[in-house]
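Coordinate-derived values only; no laboratory data. Keep in mind that what you see is a predicted model, and the values were worked out from it rather than measured. A quick note on method: Cβ atoms are made from the backbone with ideal geometry, for glycine too, and the neighbour counts reach across all protein chains shown.
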Amino acid sequence: MKKAVVTLVIIFVCLQHRSFCQDTINWRPGYTLTWNDFKAAPIASSQHWALTHSVISYTYTYSGAILHAQVSCYFDKNLSWKKPQADDALMAHERGHFDIAEIFAKKLQQAFDAYKITNFNTIDKDLKNIFDTIMRQVDAMQQQYDQETQHSINKPQQQAWLDKIKGELSK
């Protein structure tokens, strides 16, 4: 059996049961982030009022030519921060960032489920390539989300994006 763990963004974490960790919140339907979940000290020099640190990670094993991958999306409380100016509208925007990460966690799971092992020597590289492709897509969508909503300031665009995100999550 072979096992690998990869994470998105800055950190590398090797915990398989993240739901028991008090510093993270696994994405799940119905859970709503609150400002109390943002534990990091704000970056004073940042022009932004908040930062959501979402992570997409995966583990996998295989037996024979069968791949078993598990993808998860979680919020890191200790790397997420807010400034005092943060309001309810911005909270909805930040939840949107976490939800976008979950959309792409689902896409990554689908890509792994479709993956067929053809060469045992390239499994790590193949999965990393799939992961990197999905991460470029999530990064592009996160940037587009911030640009089009002006970080929650453009209320009609913010609502349109929240509707779009909700629709994507329900697929």
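Of all the residues that make up the stretch 52-80, how many are over 16 Å from the mean Cα position of the chain (by Cα) and either surrounded by 15 or more Cβ atoms within 10 Å (Cβ to Cβ) or not hydroxyl-bearing (Ser, Thr, Tyr) (or both)?
The total comes to 8.
Of the residues Ala101, Ala86, Ala111, only one is touching a helix residue (DSSP H, G or I) at 6+ places or on another chain (Cβ under 7 Å), in contact (Cβ under 8 Å) with a residue 12 or more places away in the chain and assigned to a loop (DSSP other than H, G, I, E, B); which?
Ala86
Among residues belonging to the stretch 28-51 that are part of a helix (DSSP H, G or I) and in contact (Cβ under 8 Å) with a residue 24 or more places away in the chain, point out the one that is surrounded by the fewest Cβ atoms within 10 Å (Cβ to Cβ).
If we take residues in the stretch 28-51 being part of a helix (DSSP H, G or I) and in contact (Cβ under 8 Å) with a residue 24 or more places away in the chain, then Trp35 is surrounded by the fewest Cβ atoms within 10 Å (Cβ to Cβ).
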